[in-house]
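Asks: For reference, the structure I am asking about is given below.
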């Protein structure tokens, strides 16, 4: 069965809406988002908006933009996953910094500027899979749906 362009757009935009809803549900359950978690939401919101417009505007451009949004959030999810797993360092405003060689005033300043939720700590996981892992994996699947919609939107 060959899915039509608008069906693929609905699936892709609906997938982003579902991932956003999941993020808000986790937040409502007490899992406060870190800065990278918040950044991963913006491309999903863009994908939902792109999907709404793409249902009314034919062509391939909007699905390609949707694919770009999904790929962006997947990339952020992969980056965040690496920070959580200590594979690489994140930006200093979202991770813990070292305290060696800091004066008491500098240490106090670091404490006062520390984020409430750090990006380098795993807030939730099941079977070793974290929220950024899930976002990255599902978002890569959404990229595939968007690309399929774009390819059906030509001509």
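The values are calculated or read from the model by the stated rules, or taken from the named source; none is laboratory data. Remember, it's a predicted structure, so these values are computed and weren't measured experimentally. Cβ: placed from backbone, ideal geometry, glycine included. Neighbour counts: every protein chain shown.
Asks: Looking at the stretch 121-146, I want the residues that are on the phi < 0 side of the Ramachandran plot and touching a residue at least 60 places away in the same chain (Cβ under 8 Å) and have a partner that is part of a strand (DSSP E or B) and surrounded by fewer than 19 Cβ atoms within 10 Å (Cβ to Cβ) with Cβ atoms under 7 Å, at least 6 apart or on another chain. Which pairs are those?
Replies: Within 7 Å, the pairs are 124/130.
Asks: Can residue 144 be described as over 11 Å from residue 80 (Cβ atoms), at pLDDT below 75 and under 19 Å from the mean Cα position of the chain (by Cα)? Lay out the reasoning, then the answer.
Replies: Working: over 11 Å from residue 80 (Cβ atoms): yes; at pLDDT below 75: no; under 19 Å from the mean Cα position of the chain (by Cα): yes.
When the stated conditions are applied, residue 144 does not pass them.
Asks: Under the condition of being within 16 Å of residue 131 (Cα to Cα) and either without any contact (Cβ under 8 Å) to a residue 40 or more places away in the chain or in a loop (DSSP other than H, G, I, E, B) (or both), which residue from the stretch 76-91 is farthest from the chain's Cα centre (by Cα)?
Replies: 86
Asks: Tell me yes or no: at least one residue of the stretch 48-56 is touching a residue at least 24 places away in the same chain (Cβ under 8 Å) and within 14 Å of residue 139 (Cα to Cα).
Replies: Step one: filter the stretch 48-56 for residues touching a residue at least 24 places away in the same chain (Cβ under 8 Å), giving 48, 50-52, 54-55.
Filter once more, so that each one left must be within 14 Å of residue 139 (Cα to Cα): 48.
So far as the stretch 48-56 goes, yes, one or more of its residues are touching a residue at least 24 places away in the same chain (Cβ under 8 Å) and within 14 Å of residue 139 (Cα to Cα).
Asks: Quick one: how many residues across the stretch 49-64 are part of a helix (DSSP H, G or I) and surrounded by fewer than 19 Cβ atoms within 10 Å (Cβ to Cβ)?
Replies: Residues of the stretch 49-64 part of a helix (DSSP H, G or I): 49-54, 61-64.
Next, from what is left, pick out any that are surrounded by fewer than 19 Cβ atoms within 10 Å (Cβ to Cβ): 49, 52-53, 61, 64.
The qualifying residues number 5.
Asks: Suppose we keep only residues that are free of Cβ contacts under 8 Å to residues at least 60 places away in the same chain and in a helix (DSSP H, G or I) within the stretch 23-42. Which one would you say is surrounded by the fewest Cβ atoms within 10 Å (Cβ to Cβ)? It would help to see each step written out before you state the result.
Replies: Of the stretch 23-42, the ones free of Cβ contacts under 8 Å to residues at least 60 places away in the same chain are 24-25, 27-30, 38-39, 41-42.
Next cut, in a helix (DSSP H, G or I) only: 24-25, 27-28, 38-39, 41-42.
Working: 24: 12, 25: 10, 27: 14, 28: 8, 38: 13, 39: 18, 41: 19, 42: 14.
Once the filter is applied, the top-ranked residue is 28.
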